[in-house]
1. Run down Arg40, Arg69, Arg19 and say which single residue is modelled with pLDDT of 95 or more and surrounded by 10 or more Cβ atoms within 10 Å (Cβ to Cβ).
2. Among the residues of the range 18-34, is any within 16 Å of Arg58 (Cα to Cα) and in contact (Cβ under 8 Å) with a residue 40 or more places away in the chain?
3. I need the full set of residues from the range 3-16 which are loosely packed, with under 10 Cβ neighbours inside 10 Å and either more than 13 Å from the chain's Cα centre (by Cα) or among the charged types (D, E, K, R) (or both), in order please.
Amino acid sequence: ASWELASRVRDANVLWSGRTDGPHTDVLPHDRTALSGVARVMGYPAGSGAAFEEEYLRAARRARAVVERVFYG
């Protein structure tokens, strides 16, 4: 599920920014306007960039914990 979310976020970043290469496609935007735009592309309501960011970061933390547990004990 986390991999799919990360892939969808990458796709939304490309659609919002118009950039298909570089590090910008693999990270959430720092700019709040851009973050809200990516959130809108992901299907979130207007003004929910912070909620989108928190959901993504929560999923990333869970995925990291699983990797740590499975691969490093």
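1. Numbers: Arg69 fails: surrounded by 10 or more Cβ atoms within 10 Å (Cβ to Cβ); Arg19 fails: modelled with pLDDT of 95 or more.
Criteria check complete, one pass: Arg40.
2. There is no residue in the range 18-34 that is within 16 Å of Arg58 (Cα to Cα) and in contact (Cβ under 8 Å) with a residue 40 or more places away in the chain.
3. Scanning the range 3-16 gives a single hit, Glu4.
Per-residue answers, yes or no, for (1) part of a helix (DSSP H, G or I); (2) among the aromatic types (Phe, Trp, Tyr):
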| residue | (1), (2) |
| --- | --- |
| Asn13 | yes, no |
| Thr20 | no, no |
| Phe52 | yes, yes |
| Arg62 | yes, no |
| Ala65 | yes, no |
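The values are calculated or read from the model by the stated rules, or taken from the named source; none is laboratory data. This structure is a prediction, so every number in the text was calculated from the model and none was measured. Cβ: placed from backbone, ideal geometry, glycine included. Neighbour counts: every protein chain shown.
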